[in-house]
Structure formats: C-alpha cells, structure tokens
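To keep things clear, I will list the structure first and then write my remarks on it.
The values are calculated or read from the model by the stated rules, or taken from the named source; none is laboratory data. Keep in mind that what you see is a predicted model, and the values were worked out from it rather than measured. Here Cβ is always computed from backbone atoms with ideal geometry, including for glycine, and neighbour counts include all displayed protein chains.
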Amino acid sequence: MSVKKISLIVFVSIIVCGTIFMGCDKDNTYTQRTVIFVSSINEGSPFTSDVLNQGDSLYYTDSFVYKTVDDYVVEDFVTVTFTNRPYSGIVDVCNGSLGDFLITSYEVEYDPRTSGIPVQSFSGNTSILVPANSTVQAGILLVPFRDKNSTVLFNIRYTATEIMSNATIIFHGHEIQAENRTLSFTAGLHVNFADVLNTE
C-alpha cells in the first residue's frame, strides 16, 4: 500500500473520530434533533370555563328552586396532547436518550382585544417528559383561581352573559442532554366564559 493511501486512510479516520467526539459534546452546536408540537388540545374542541360550579343541590329532588348556598369556584385545567417526532432514527453514539424532550414551563396569554380580559397572563412550571416517537397527554392550568374570583368573572355569575376569548399557551423545554438549548412552541384555544347552570 502506498504512502499516499495510508495517509488518506489516517486522515479520514481522524475526521470520523472527531465527528463522533463532537457529537458527544453537549456544548457543541448541532441542529435540532426532534420536532415537538401540540397535536391536540381539549380534544380539538373549544373550552367552556364555568365561572361557578354547582354543589350538591344540583342533585336535590325535593325542590324546583335553584339553590346557590353550596356553589363553589374551581380552577380550570385543559388536556394537552404533545407529540415528539425525531428528525432521525439513528442510534445515539453517546448512549443517551436521543430525541427525548422535557417540557419545563409554560405561559398562558389571553387575547388583549377581549373586552375586560377575564384572565391575566400568567406562567407556570411543569415537568412533562415526551419520549422520542411518542405522544403524551398532560393537564395544564388554563384559568387560575385568582381570576375565577376576579370582578370580571364574578359579575357574570347567575346571568346569561358570556365572554369569549382566545388563549395562547407558549411551552418551553429542551431536548434531554441539551439543557442549555431551550425550545419554545405554541398552541391556541378558544375559551368561552359563562355560568353554565343545570336546573334539571
């Protein structure tokens, strides 16, 4: 084998080894390895936020008069379905969880054009692991207790008034083994605030 061929083989080997070494370096720049997105929110339907929940009097059969003494307020959570589709199925040479994604926080913002804006923007922390090639469901806070007791929603209790708005949820997280590279993605949802009374 000639000296030129040996030199070429050595050079190629150095390049390959260097590429593998760089791939195992968490601080190295690389392209995003996974596509994370919301594939469904509230099963594709608008969300109805009942500003007031009926208590046990809902089940009373001794009277046709609607009772309010046991009505109460609850926070609203919405079911979100996350899907993780890696760009590539190549085995991770670093023996890690290539493509797994961890959602660590989120922000909820309501359309500022809504009259009165029933819910103020807020943020929350979470820990939702979405493994590569998988779909995961989780509950996200949509309407905090503080806003259920706000003047805007308090004033429409026991009335036929409705407030319609759009909520935008911004999720933040990172690929496993890449904590220093935060990725954000967004989902939207129509929310209808009303006092849904069941008098049957």
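What the table shows:
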| read-out | value |
| --- | --- |
| Some residue of region 163-173 being in contact with a Pro (Cβ under 7 Å, 6 or more places away or on another chain), in the same structural domain as SER39 (by TED's automatic domain parsing) and under 19 Å from TYR72 (Cα atoms) | no |
| All positions within region 102-147 that are modelled with pLDDT of 90 or more, closer than 20 Å to VAL51 by Cβ and not in a strand (DSSP E or B) | ASP111, PRO118, VAL119, GLN120, SER121, PRO144, PHE145, ARG146, ASP147 |
| Residues being in contact with a strand residue (DSSP E or B) (Cβ under 7 Å, 6 or more places away or on another chain) and surrounded by fewer than 16 Cβ atoms within 10 Å (Cβ to Cβ) - total across region 137-171 | 7 |
| Members of region 172-183 found to be outside any loop (DSSP other than H, G, I, E, B) and surrounded by 14 or more Cβ atoms within 10 Å (Cβ to Cβ), listed by number | HIS172, GLY173, HIS174, GLU175, LEU183 |
